[in-house]
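Trainee: The structure is given below, and queries will be raised subsequently.
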Amino acid sequence: MQKIFLLLLISFFVALQATGQDQNNAIKLNGRVLSTDQKPIAGATLSSKLHGTEASSDDDGNFSIQLLPGTDTLIISHIGFLQKRLPLNQTTNSSLIIVMERSSLELEEVMVSTGIEKIPKERATGSFALINNKLFNEQVGTGVLNRLQSITNGYTSFPLRNTGDNLSVVRGLSTLSVNIAKPLIILDNFEYQGDINNINPNDVENITFLKDAAAGSIWGAKAANGVIVITTKKGLLNQPVKVELNTNLTIADKPDLFYSKNISSGDFIDLEKYLFSEGYYNSMLPYPEYYPLSPVVNLLDKANRGIISDSEADAGINAFRSQDVRKEYEKYFYKNSVNQQYAISLSGGTKNLAWILSGGFDKNSSELNARYNRVNMRFDNTYVPFKNLEINSSVYYTQSKTTAGRPAVGSISAMGGAIAPYTLFADENGNPLPVYTTYNPSYLDTAGGGRLLDWRYFPLDDYKHISNQTNIENLNAVLGIRYKVFTGFSIDIKYRYQSQHTETEYLQGQGSFATRNLINSFSQLTPGSVIYKIPKGDILDLSNSYTNSQNLRSQLNFSKQWHTHEIVALAGSEISESVNKNNYYRTYGHNRDILTYVDVDYTNTYPILPYRSNGFIPNSSGFGKRNNRFVSFYANGAYTYKTRYTLSASARRDASNAFGVKTNDKWKPLWSTGVSWEISNEPFYKLQLLYYLRLKMTYGYQGNIDPAKVALTTIRYSNINPLTLTPYSVVDNFYNPELKWEQVSMLNTAVEWASKNRRLSGSFEYYEKKMADLYAATRIESTMGIGFATMVRNAGKMKGRGFDIELNSINIDRKFRWATHFIFNTYKDKVLKLKNPSTLLGSDIAGSTGFTGLEGYSPFVYFAYQWAGLDPATGDPQGYLDRQVSKDYGAITYEGTKFSDLKYIGSQFPRIFGSLGNSFSWRNFSLNIRVIYKFNYYFRRESINYRSLVNQSIGHSDYSLRWQKPGDELSTTVPSFIYPVNNSRNSFYLNSEILATKADHIRLQYINISYDLNKQVFKKLPFSQATLYVVSNNLGIIWKANEFGIDPDYNNNNIPPAKSIAVGLRISL
Amino acid sequence: MLSIIKNTICTGIIILVSSYLFSCKKYLDKKPDQRLAIPSSIQDLQSLLDNYLQVNHRDPFAGELSADDYYLTTDDFLGLNEVERNMYTWGKSNLFAPGIDNDWARCYNNVNRANQVLLNIDKIERLPNDGAGWNNAKGHALFLRARSFLFVVSLWSAAYDMASASTDPGIPLRLNPDFNEASTRASVQQSYDQVIADLKQSISLLPDISLHTIRPSKAAAMGTLARTYLWMRNYDSCFKYADLCLQLKSDLKDYNELSALSTFPFSGLQYSNPEDIVNFSITGPPASLNPSRAKIDSGLYQSYDTNDLRREIFFRTNTGVNTGTFAFKGSYAGNSVLYDGIATNEIWLMRAECYARSGNKVAALLDLNTLLIKRWNNTVPYIPITAIDAREALDKILMERRKELVMRGLRWMDIKRLNKEGANITLQRNVNNQGYTLVPNDKKYALPIPDDVISLSGMQQNER
């Protein structure tokens, strides 16, 4: 379609300009050859079909050809581009623009963007992974990043053992600090400092991952975790107005709340009865104001005191046995989630103006009825007022509003633990039931003699009285000027302004338990009156955060081609500042309707109910301001000889105002270099099977910073001491003159190849990286008094290596087309050095929940206590102490275990991962299926933690599998329950090898089915093309190594998202 | 037209690039977080010390937990974590959780805070118009360091004994905040000398009356110094500083003004008790010292006269399954948290004890009766305490000290020092069908240093 338009356009110009031409003389036709992305094509051959005259285009794509008058056809050809035939009628010497298309799908995307420049992939020495528009849009979603893990070569995510959160990394870890392990995100040309969810995926043209030093070191001290460059859609010069519409609807089921393995209500009730008989609650029962206690315990107590009979108590208790609080959550709080997405874009271009205008609207309603609305507006245009000058301006505006929904499963908890698993939120008629999470009902019955506000908590209604809204407004505007000074040289100046305002409004209405509780606590009961030190009314917490960042970049570009040489180089500097201001404050006695509030006394203490201890009214107000400044200089160049040998180099120096760092240390030069050799272009090369073959090798450095780290002693003011009315502070940073930025070096070697017609193509890359000066927590003896058990220092050294392999094949290419995209990644790393490791006890390593930082092992290595089975007589777990079977848990879990006594399990990070995509198409149908896999890693399976069970009412279904009588040890590995609980016994079991579980799995990530409608087939279509698509996501696991029904990506009480299905329509007018 | 644009652009670029180069250094001098400050003013340093939640309300509880003001039932004992169970039964090891959430770490956290101030304060010019502020910050830091060292030496070293103090292992005396310096143990003598030197210097710097009792004053430092000398059994010096302290502040609260019916009778007086010289409290309280578990020795409870108001003000009669036992509710913190600051009642008792030990029976009993009349039901005539001689007076003063200063964190050190005087106090615990005994002057009176500190620093562990 586009081609037809172009041809029409060109013919139109040609026709226009041909009139008035003197027909008797040979005429000269001038013009320019450009690729579809407006890059000049040098060396294109132009020939006249009838008369055989020839010409070729220069560096800027300009050409001039002699033609004889009359009808003729101009043939334009260039390697890598589709040959073009241009019918000529009457021509003039006006400038003709010829746009050439890349010769195959694979070659279409050969330009890679680093955010600083765009370079043809075949001349790039660095390692890039490209996600083109088609692949990107095989999935549907509100955000940009989520869908990338399953389709990007070398990018994966894995769950962190301590939190269950997923961490996404490019080529494994480059740091030991989770908080600074995220890749740098560039939107077009600048670091995106707003909320990444602001970006509408419909505005994305493609995404480039910069994976090695040669690709990423241009981003210097922030690039060590890899760089993700998001390129937005642009308008093109000389293009008719194009309208694109996209809309889709995604519906997901309720998540499976019963996925989490909770103790059954019956087991829990029996346990409570046992604990009651053992006197566990004796110290709590006399204090109903401190201990809410569960309904069963309260019934047992009543029976014990003769208030009710034993049979009444039993009847009440037995009624609880069939109840499950998850059913309540599911019934009252969960629903299907529904996401709607609408996007429109208009683009077009005249001879000197290219523009795109787009808008998007997303409206999501989650499974908990949380709302998310987002509006995007974008206008991007390029104006070429005259030759050599290009002005680009773009404005991207986003507004979003998030409203919190209903309570998620497990979020309602009681004083010191979970609510009982048999809790009900409503009676059989659907009326709300109170849940006692803070005080015992017997206290509330008498508290305040009925003069206080209702002090009960009704989960079914409570959330209705709470409103939690976050509004984000983001503006990202860029103004750029590019000017060609003289041949080969151009200057780029770009200015970016980004501002984000985040406003959170958290209103806890007087109807909410939290507010009533606070009002009651501060009520002063005097005979005859109640004085409310916290006024009746709502409590409103407002917070505002403003981020303003500005970047100014100036850059000099140089590009020259002569004979067999080609040089492309640039040098530039960038100055940037990011200012973050925030403030938050609370008002009491807020009235939503008339917008009033009541002052409270923050400076005196008042007796607080129910304990009558004195306290201040909670005050939450504050201000903050952060300011990060950077000054950077960079240069980058590539020299190509005979189009087959390329040598590249880059360097960057960054300086920042990281507080107190000596100026010398502020500077960190980072450099890279690379070579590439296109063997298949050598005259001696004859291999037909590998029609295209190129070798690449790069080496260089990148950095990683933590803006929170400064080297001098600093204090942080926290609040006002209400007693002395003077500010108070804490030591925030301890003097550490050795503090540096982390440094990562990487060696990358790659082979790229393709068969003759690109039926088969792929790349094979091997990398090795060394990471030095890594921030790592080293243990600090508590006598040092710093108030932290560990101290972060530049203490770590690590190395990693891996393969990134990608294969593309077109298996069948007839009416029925079948193509395969296969990604295979391996990754292996180990800590080379970490200060102060010798003092780590074996027990620390087995009990570690995050980076263990053990020299010679992966930072996420998994070690566990050796397991010697259950004691057949008692069901006690048995370990080893001094190589003897032992039950001295105190010694095993503390000093008794040497490192050599631990069992090596493996890595907690997948060593092998990747994905397999298959695309099928037949007529107008196409089907894409993507499977992802992660192999060779382990996770710690959750099991019953008797300490949490007794103290916090958090139980695991393994409780029912516990050893109960001799012989059980043959069929179970779950230790017997003992009371009192032995914490060491507990932690031995939970960190023993018996719970180490293989995490390997294969997951069906998505299926995309689409149907194309176009005018060629359906002549009566009111638009040129339409695609109807259906995408199904979160389809679950196809195969897993563990037999426990656990999805390794969702351990740790996280519930996997429910299957979703999206239906959408994409229309081009 | 074209050339104008050309020239403008070129000039612009030149200006831009050169301005980067020249303004770079200044541009980078901006501090990244405006709430961050290099401690460089008196206000900065004072603000570290005014962090009252960290400084004043995180005192060690190991002494009180190990002492005999309370006991636990087997049910409650079994519900405790191992560390507390070990400490309750004077176990051999694992009495402190590793890491920073233990008494040792909390004491040294305050030492570090004080050292941060002391390191920086001499770099700040002492301006005539803020001389008081400068003195206060330095005096405050010295007081805090001395007080923390005193806790550490009382818990982790044997009782002071002049004969062996110069060889008995004392505590690490960290005098600057540099965490690269290794910790080593000084002798007991050196440890006490450091406490005394710091306190004496702070007396010369602190104001007579502080802004609030959450900050130390001269009287607070004198009271702490008197306590130090009492623990060293240097009664002359103890007398000197107790007496000086009482000259500055001697108020006593008449307990007739309190309501014994209150859940916590001192709840309204947390920061306004006239007896409070400097306000501190014990961390937590830990599970075992929570009034819901800690039971008061019934012999101790019965020793209060029925007209002694403390009987009802200090103690609650438990109900339900705990009927027949008593809980403590008389903390000067006004809640379940245990107050362990310096209050005038302790000073009066210290001076009375010193008088008695020096043979001045009359003065000793006068001090004792001055205190006790404030504790007596004013509707019943108070019969002053009498004694045949100073020796008997001393016994009665020590008995009243036990009753007046119950759950104040002082009992453990009293047992240690009085056993050195031959009091022969043997502690007994019976729990879970097992008996535990701690004989006078046992090595276990010096608690084991947290094991992780020993393994990281290589310091000498106390023998148990």
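Trainee: Among the candidates A:D958, A:D901, single out the residue that is of a type in the set (D, E, K, R), away from chain B (no Cβ under 14 Å), within 23 Å of A:A999 (Cβ to Cβ) and over 27 Å from the mean Cα position of the chain (by Cα).
Mentor: Matching residue, one of A:D958, A:D901: A:D958.
Trainee: A further question follows. Hey, can you tell me all the residues within region A:610-628 that are more than 7 Å from chain B (Cβ to nearest Cβ), touching an Asp or Glu at 6+ places or on another chain (Cβ under 8 Å) and closer than 30 Å to A:Q193 by Cβ? Don't jump to the end; show me each part of the working.
Mentor: Here is the first cut: in region A:610-628, the ones more than 7 Å from chain B (Cβ to nearest Cβ) are A:610, A:615-623.
Going one step further and asking which of them are touching an Asp or Glu at 6+ places or on another chain (Cβ under 8 Å), we end up with A:610, A:617, A:620.
The one that is more than 7 Å from chain B (Cβ to nearest Cβ), touching an Asp or Glu at 6+ places or on another chain (Cβ under 8 Å) and closer than 30 Å to A:Q193 by Cβ: A:S620.
Trainee: Further question: Hey, any hits in region B:293-310 for a residue that's of a type outside the set (V, I, T) and on the phi > 0 side of the Ramachandran plot?
Mentor: No, there is no match, as no residue in region B:293-310 is of a type outside the set (V, I, T) and on the phi > 0 side of the Ramachandran plot.
Trainee: Among B:G99, B:G139, which is among the small types (G, A, S), more than 21 Å from B:R408 (Cα to Cα) and in contact with an Asp or Glu (Cβ under 8 Å, 6 or more places away or on another chain)?
Mentor: After applying the criteria, what remains is B:G99.
Trainee: Go through (1) in a helix (DSSP H, G or I); (2) in contact with a Pro (Cβ under 9 Å, 6 or more places away or on another chain); (3) farther than 29 Å from A:I1055 by Cβ for A:A343 and report which single condition fails.
Mentor: It fails just one condition, (1).
Trainee: Please indicate, with yes or no, whether at least one residue in region A:814-823 is surrounded by fewer than 18 Cβ atoms within 10 Å (Cβ to Cβ), under 27 Å from A:S921 (Cβ atoms) and within 25 Å of the chain's Cα centre (by Cα).
Mentor: Within region A:814-823, one or more residues are surrounded by fewer than 18 Cβ atoms within 10 Å (Cβ to Cβ), under 27 Å from A:S921 (Cβ atoms) and within 25 Å of the chain's Cα centre (by Cα).
Trainee: On to the next question. How many residues are part of a strand (DSSP E or B), more than 21 Å from A:N388 (Cβ to Cβ) and aromatic (F, W, Y) if we restrict to region A:478-519? Spell out the reasoning first.
Mentor: The initial filter retains those residues of region A:478-519 that are part of a strand (DSSP E or B), namely A:478-486, A:489-508.
From what is left, the residues that are more than 21 Å from A:N388 (Cβ to Cβ) are A:496-508.
Applying the additional criterion that residues be aromatic (F, W, Y) yields A:497, A:506.
Final tally of qualifying residues: 2.
Trainee: Is region A:573-595 home to any residue that is within 14 Å of another protein chain (Cβ to nearest Cβ), over 30 Å from the mean Cα position of the chain (by Cα) and not polar (S, T, N, Q)?
Mentor: no
Trainee: Looking at A:M746, is it within 14 Å of chain B (Cβ to nearest Cβ), touching a helix residue (DSSP H, G or I) at 6+ places or on another chain (Cβ under 8 Å) and of a type in the set (A, V, I, L, M)?
Mentor: Working: within 14 Å of chain B (Cβ to nearest Cβ): no; touching a helix residue (DSSP H, G or I) at 6+ places or on another chain (Cβ under 8 Å): yes; of a type in the set (A, V, I, L, M): yes.
Answer is no for this residue.
Trainee: Another one. Please indicate, with yes or no, whether at least one residue in region A:758-778 is charged (D, E, K, R), touching a residue at least 12 places away in the same chain (Cβ under 8 Å) and outside any strand (DSSP E or B).
Mentor: Yes: region A:758-778 contains one or more residues that are charged (D, E, K, R), touching a residue at least 12 places away in the same chain (Cβ under 8 Å) and outside any strand (DSSP E or B).
Trainee: Would you mind stating whether A:K1015 is surrounded by fewer than 19 Cβ atoms within 10 Å (Cβ to Cβ) and in contact with a Ser or Thr (Cβ under 8 Å, 6 or more places away or on another chain)?
Mentor: Yes.
Trainee: Yes or no: region A:758-780 includes at least one residue that is of a type in the set (A, V, I, L, M, F, W, C) and either over 34 Å from the mean Cα position of the chain (by Cα) or facing chain B (nearest Cβ under 8 Å) (or both).
Mentor: Yes, region A:758-780 contains a residue that is of a type in the set (A, V, I, L, M, F, W, C) and either over 34 Å from the mean Cα position of the chain (by Cα) or facing chain B (nearest Cβ under 8 Å) (or both).
Trainee: Going residue by residue through region B:124-132, is there one that turns out to be facing another protein chain (nearest Cβ under 8 Å) and over 22 Å from B:A146 (Cβ atoms)?
Mentor: The answer is no; no qualifying residue exists.
Trainee: Determine whether A:E367 is under 25 Å from the mean Cα position of the chain (by Cα) and not small (G, A, S).
Mentor: In short, yes.
Trainee: Ok, one more. Of these, B:Y301, B:Y332, which one is within 14 Å of chain A (Cβ to nearest Cβ), of a type in the set (F, W, Y) and more than 14 Å from B:T73 (Cβ to Cβ)?
Mentor: Going through B:Y301, B:Y332 in turn, just one is within 14 Å of chain A (Cβ to nearest Cβ), of a type in the set (F, W, Y) and more than 14 Å from B:T73 (Cβ to Cβ): B:Y332.
Trainee: Hey, another quick one. Scan region A:988-1004 for residues that are assigned to a helix (DSSP H, G or I) and among the acidic types (D, E) and jot them down.
Mentor: We begin by selecting, within region A:988-1004, every residue assigned to a helix (DSSP H, G or I); these are A:988-990, A:993-995.
Correct list: A:E993 only.
Trainee: Given the structure, is B:F326 touching a residue at least 24 places away in the same chain (Cβ under 8 Å) and either among the basic types (K, R) or within 30 Å of A:K302 (Cβ to Cβ) (or both)? Give the derivation first.
Mentor: Details: touching a residue at least 24 places away in the same chain (Cβ under 8 Å): yes; either among the basic types (K, R) or within 30 Å of A:K302 (Cβ to Cβ) (or both): yes.
Here the answer is yes, as B:F326 does meet what is asked.
Trainee: Which condition number does B:F149 fail, the rest of (1) without any contact (Cβ under 8 Å) to a residue 60 or more places away in the chain; (2) surrounded by fewer than 23 Cβ atoms within 10 Å (Cβ to Cβ) being met?
Mentor: Unmet condition: (2).
Trainee: Considering A:P434, A:P421, A:P407, which residue is surrounded by 20 or more Cβ atoms within 10 Å (Cβ to Cβ), in a loop (DSSP other than H, G, I, E, B) and modelled with pLDDT of 90 or more?
Mentor: A:P421
Trainee: Now, a different point. Considering only residues that are surrounded by 19 or more Cβ atoms within 10 Å (Cβ to Cβ) and within 22 Å of A:K625 (Cβ to Cβ), which ones fall in region A:518-556?
Mentor: Once the filter is applied, which keeps residues that are surrounded by 19 or more Cβ atoms within 10 Å (Cβ to Cβ) and within 22 Å of A:K625 (Cβ to Cβ), region A:518-556 yields A:T547, A:S549, A:N551.
Trainee: In the set A:Y483, A:Y463, which member is closer than 30 Å to A:T382 by Cα, surrounded by 17 or more Cβ atoms within 10 Å (Cβ to Cβ) and not acidic (D, E)?
Mentor: Criteria check complete, one pass: A:Y483.
Trainee: Report yes if some residue within region B:372-381 is within 11 Å of chain A (Cβ to nearest Cβ), surrounded by 23 or more Cβ atoms within 10 Å (Cβ to Cβ) and either in contact (Cβ under 8 Å) with a residue 12 or more places away in the chain or of a type in the set (K, R) (or both); otherwise report no.
Mentor: Checked region B:372-381: no residue is within 11 Å of chain A (Cβ to nearest Cβ), surrounded by 23 or more Cβ atoms within 10 Å (Cβ to Cβ) and either in contact (Cβ under 8 Å) with a residue 12 or more places away in the chain or of a type in the set (K, R) (or both).
Trainee: Criterion first (out of contact with any Lys or Arg (no Cβ under 7 Å at 6 or more places or on another chain) and closer than 18 Å to B:A226 by Cβ) does B:L199 satisfy it?
Mentor: Judged against the criteria, B:L199 is a match.
Trainee: Taking region A:1011-1054, which residues are of a type in the set (A, V, I, L, M), touching a residue at least 12 places away in the same chain (Cβ under 8 Å) and assigned to a loop (DSSP other than H, G, I, E, B)? Break it down stepwise before answering.
Mentor: Quick first cut of region A:1011-1054, residues of a type in the set (A, V, I, L, M) only: A:1013, A:1017, A:1021, A:1026, A:1028, A:1030-1031, A:1035, A:1037-1038, A:1041, A:1046.
Going one step further and asking which of them are touching a residue at least 12 places away in the same chain (Cβ under 8 Å), we end up with A:1013, A:1017, A:1026, A:1028, A:1030-1031, A:1035, A:1037-1038, A:1041, A:1046.
A:V1017, A:L1035, A:A1041, A:I1046 - these are the residues of region A:1011-1054 that are of a type in the set (A, V, I, L, M), touching a residue at least 12 places away in the same chain (Cβ under 8 Å) and assigned to a loop (DSSP other than H, G, I, E, B).
Residues are listed down the side, and each one gets a yes or a no for (1) in contact with a strand residue (DSSP E or B) (Cβ under 7 Å, 6 or more places away or on another chain); (2) crowded, with 20+ Cβ neighbours inside 10 Å; (3) farther than 21 Å from A:N474 by Cα; (4) β-branched (V, I, T):
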| position | (1), (2), (3), (4) |
| --- | --- |
| A:S337 | yes, yes, yes, no |
| A:Y342 | yes, no, no, no |
| A:L346 | yes, no, yes, no |
| A:L353 | yes, no, yes, no |
| A:L357 | yes, no, no, no |
| A:K363 | yes, no, no, no |
| A:N373 | yes, no, no, no |
| A:N376 | yes, yes, no, no |
| A:N381 | yes, no, no, no |
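Trainee: Okay, next question. Quickly run through region B:86-120 and pick out the residues that are more than 8 Å from every other protein chain (Cβ to nearest Cβ) and surrounded by fewer than 20 Cβ atoms within 10 Å (Cβ to Cβ).
Mentor: Matches in region B:86-120: B:N86, B:T89, B:W90, B:G91, B:K92, B:S93, B:A97, B:D101, B:L119.
Trainee: Which residue is nearest to the chain's Cα centre (by Cα), if the candidates are limited to region A:495-529 and must be closer than 18 Å to A:Y439 by Cβ and aliphatic (A, V, I, L, M)?
Mentor: Result: A:A514.
Trainee: Tell me the residue from A:F81, A:F63 that is at pLDDT below 75, surrounded by 17 or more Cβ atoms within 10 Å (Cβ to Cβ) and within 22 Å of A:S559 (Cα to Cα), please.
Mentor: Residue meeting the stated conditions: A:F81.
Trainee: Within region B:287-302, restricting attention to residues that are part of a helix (DSSP H, G or I) and at pLDDT below 90, which residue is surrounded by the fewest Cβ atoms within 10 Å (Cβ to Cβ)?
Mentor: By that ranking, first place goes to B:G299.
The values are calculated or read from the model by the stated rules, or taken from the named source; none is laboratory data. It should be emphasised that the depicted structure is a prediction, and the values quoted were computed from it without experimental measurement. Cβ sites come from the backbone with ideal geometry, for glycine too, and all protein chains shown count toward neighbours.
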